[in-house]
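Novice: Submitted below is the structure of interest, expressed as structure tokens.
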Amino acid sequence: MKTTFSRTFFPAAIVLLAALLLVGFSLRALVLDFLTDRSVEGLKNDAEAISSLASAYYTEGSLSGRDFLVNLSLASQVSGADAVIFSKSGELVLCSDAPLGCRHQGLIMNESYVQQVLSAGMAINTGTFPGLYEEARYIVSVPISDAFTGSSIGFVMVSSTMESSEIIIQRITDIYLMVSLLTVLAAGIIMTVYARKQSAPLREMADAAIAFGHGDLTARVKADDAYTQEIEELAIAFNNMATSLQKSEYQRREFVANVSHELKTPMTTIGGYIDGMLDGTIPESRQKHYMQIVSDETKRLSRLVRSMLDISRLQDQGGIPDEKKTRFDLEECAGQALIQFEQKITDKALQVDVSLPEHPVFTFANQDYIMQVIYNLLDNAVKFSPHGGTLGFSIQEGGSKAYISISNEGQTIPPEELPLVFDRFHKLDKSRAQNRDGWGLGLYIVKTIICSHGEDISVSSKNGKTEFTFTLPLVI
């Protein structure tokens with residue numbers, strides 16, 4: 001499997017090498033052109049000087065006078081270039097390195113080259129010259145003119161070896177290659193260190209993810225300011241995700257524990273009574289009484305399962321779609337809910353304080369769910385109201401919202417308990433000995449329904465009065 005470093009380093013190394021090679025070839029070409037231009041320029045000056053010298057010493061149709069030979073040899077030694085004199089017909093007449101006769105004497109130059117020199121006034125070549133020079137050279141040829149008539153009497157070929165230029169080019173190439181290799185090596189080391197430093201937080205995140213996957217819910221990564229912005233944001237996002245998953249896992253474990261606890265008591269009761277009736281421990285005259293208890297416990301279990309299914313369905317929906325909502329009157333809905341509690345209210349001699357607008361209050365929501373919210377809140381209010389206490393129900397309008405409040409007199413909820421009243425299976429009585437009809441799911445269902453509508457619910461408890469208030473949208 002390719003690592004991030006290998007995926008980054010090798011393309012970067014290829015690009016770097018390609019850039020170095022391009023720069024190297026460009027530098028080599030520039031240096032070679034410079035050396036060629038400088039050498040050719042010097043040879044042009046030498047060729048023109050020797051041509052002028054030859055014209056001055058040209059007598060009686062001869063370019064081999066003694067004085068000219070001496071000066072030609074001297075000029076060649078001073079300039080460091082070889083000079084060869086050709087006649088107009090292209091025959092080699094004289095070599096500067098062997099004025100008294102060289103092995104090339106009598107060599108006939110190609111006619112086309114002779115015409116090129118004489119007609120163009122100059123010829124510049126690089127490379128070998130078969131029959132004359134076998135090694136690579138810079139060669140410049142210029143015509144020799146009669147000083148009196150101006151007619152061409154021959155031409156002079158001045159040349160110098162390319163060896164010095166090649167040596168310079170080779171040295172530059174060697175130095176450049178060495179510097180390039182050191183550059184690539186240094187870049188490789190720097191990139192390795194940098195890549196390891198940059199990938200360290202990624203490896204830490206991978207280790208944390210592996211630890212988290214193996215059950216270590218406390219695994220987190222360090223969000224260091226020394227990290228790049230993207231890595232730091234990734235670390236923060238990872239930690240937030242881990243915290244959320246940890247919370248969800250704790251809630252799941254708490255949910256399972258609470259459900260197990262709540263199921264244990266009724267299941268034990270049902271099992272005990274059934275066994276007592278089967279083995280004769282409970283006399284036949286008392287079996288109807290205990291069968292009624294078993295029936296009540298079974299209904300409680302059924303309500304628990306139904307409540308958990310309602311919660312699961314609402315959470316899976318992620319919100320109630322508009323097609324499942326209708327326009328209805330909140331006052332009519334409240335009246336129906338209060339009628340259902342008429343007997344309980346009468347039994348506890350409760351005073352009902354209702355405050356409703358004198359006109360209908362319409363909202364757009366799921367009527368069945370809102371009815372369940374009001375029912376659950378009223379059930380709680382009636383249950384926790386003392387005998388002869390006051391039960392409050394009000395609807396107020398504010399802006400685009402309707403505020404529905406249900407209150408009761410009774411024991412004040414401690415401030416530290418208020419944030420927990422909407423949690424699953426939460427009861428103020430930790431022993432769960434009181435209020436056996438409840439599972440601690442009513443208020444959790446209420447909050448789930450209200451949040452599914454995109455609305456809010458709050459609770460306050462002061463001076464013996466507890467009040468729940470939730471919002472719904474107002475419509476015409």
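The values are calculated or read from the model by the stated rules, or taken from the named source; none is laboratory data. A quick note: this is a predicted structure, and the numbers were derived from the prediction, not measured. Glycine also receives a Cβ, built like all others from the backbone with ideal geometry; neighbour counts cover every protein chain displayed.
Novice: For residue 83, only one of the following conditions fails: (1) part of a helix (DSSP H, G or I); (2) at pLDDT 85 or above. What is its number?
Specialist: (1)
Novice: So residue 214 ticks every box in (1) exposed (fewer than 13 other Cβ atoms within 10 Å of the Cβ); (2) in contact with a Phe, Trp or Tyr (Cβ under 7 Å, 6 or more places away or on another chain) but one. Which box is left unticked?
Specialist: (2)
Novice: For the stretch 379-386, does any single residue satisfy the condition of being part of a loop (DSSP other than H, G, I, E, B) and either farther than 21 Å from residue 450 by Cβ or at pLDDT 90 or above (or both)?
Specialist: Within the stretch 379-386 (the criterion being part of a loop (DSSP other than H, G, I, E, B) and either farther than 21 Å from residue 450 by Cβ or at pLDDT 90 or above (or both)), the answer is yes, since at least one residue qualifies.
Novice: Okay, moving on. For the stretch 456-474, give me each residue that is buried (at least 18 other Cβ atoms within 10 Å of the Cβ) and farther than 19 Å from residue 423 by Cβ.
Specialist: Of everything in the stretch 456-474, those that are buried (at least 18 other Cβ atoms within 10 Å of the Cβ) and farther than 19 Å from residue 423 by Cβ turn out to be 471, 472.
Novice: Still on this model: Kindly check whether there is at least one residue in the stretch 126-145 that is closer than 29 Å to residue 30 by Cβ, over 60 Å from the mean Cα position of the chain (by Cα), at pLDDT below 85 and hydrophobic (A, V, I, L, M, F, W, C).
Specialist: yes
Novice: A follow-up question, please. For residue 209, all conditions in the list (1) modelled with pLDDT under 80; (2) not assigned by TED's automatic domain parsing to the domain that holds residue 300 hold save one; what is the number of the exception?
Specialist: Evaluating residue 209 over (1) modelled with pLDDT under 80; (2) not assigned by TED's automatic domain parsing to the domain that holds residue 300 leaves (1) as the failure.
Novice: How about the stretch 329-376: which of its residues are of a type in the set (D, E, K, R), within 30 Å of residue 319 (Cα to Cα) and at pLDDT 90 or above?
Specialist: Selection gives 329, 331, 332.
Novice: Step by step: first the residues of the stretch 1-28, then only those that are assigned to a helix (DSSP H, G or I) and of a type in the set (Lys, Arg), then the one that is modelled with the lowest pLDDT. Which residue is that?
Specialist: 7
Novice: In the stretch 363-391, which residues are in contact (Cβ under 8 Å) with a residue 60 or more places away in the chain, touching a Lys or Arg at 6+ places or on another chain (Cβ under 8 Å), crowded, with 17+ Cβ neighbours inside 10 Å and not polar (S, T, N, Q)?
Specialist: 365
Novice: What about residue 165, is it within 19 Å of residue 39 (Cα to Cα) and small (Gly, Ala, Ser)?
Specialist: yes
Novice: I've got another one for you. Count, please, the residues in the stretch 217-247 that happen to be part of a helix (DSSP H, G or I), aliphatic (A, V, I, L, M) and closer than 27 Å to residue 423 by Cα.
Specialist: So the answer is 4.
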